[in-house]
Amino acid sequence: MSKKSVRPALRPQPSPRQAAADCINRALEKSDIAEICHAIGAATRLYNISDLALKSGLARPSIHRAFAGDPIKPNFTTVFNVLDAMGFQLHVTVRRGAGAARLKSVKNFQDAVDGNDPADISATDDR
């Protein structure tokens, strides 16, 4: 009687790019600036830094410096451009039980987006 060999089921391994995205997302969930910078800096090492510089419009040393850690913290434009160059995008979701007092209406939100201060708008304004 012959014995059948049983192989364990293989789980698909995440791509290095997906692993980098997961690492950045975990850092973003913690809201720790230093950890976010470290995660993005680690992700940049998966790419040719010259290509990232070209696609992001930033100089190579600027990318290295921006994500090297404290005391330097990159500005939002740098973060956004580098993530975009790597093929990543930011996405905002609502977190339950957190945040400042919410706006009272969609109209107030739209006024704020349009550059109008909701505090300056009278209650009888029917725009």
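Derivation of every value follows stated rules applied to the coordinates shown; laboratory data play no part. Bear in mind the structure is a predicted one, so any value in this text is a computation, not a measurement. So basically every Cβ, Gly included, is an ideal-geometry build from the backbone, and we count neighbours across all protein chains shown.
A few notes on this one:
- Two-site label geometry, Leu54 and Gln18: point separation in nm, points 7 Å out along Cα→Cβ: 2.8 nm
- Label-point gap, in nm, between Arg11 and Lys73 - each point 7 angstrom along Cα→Cβ: 3.5 nm
- The range 16-85 - convex hull of the alpha-carbon atoms, volume per residue in Å³: 71 Å³
- Since only Asn81, Ser62, Cys23 are under comparison, the one whose Cα sits farthest along the positive direction of the charge dipole of the range 16-85, derived from C-beta charges on Lys, Arg, Asp and Glu, is Ser62.
- Charged-residue dipole, Cβ positions (Lys, Arg, Asp, Glu), the range 16-85 about Cα centre, Debye nearest 20: 180 debye
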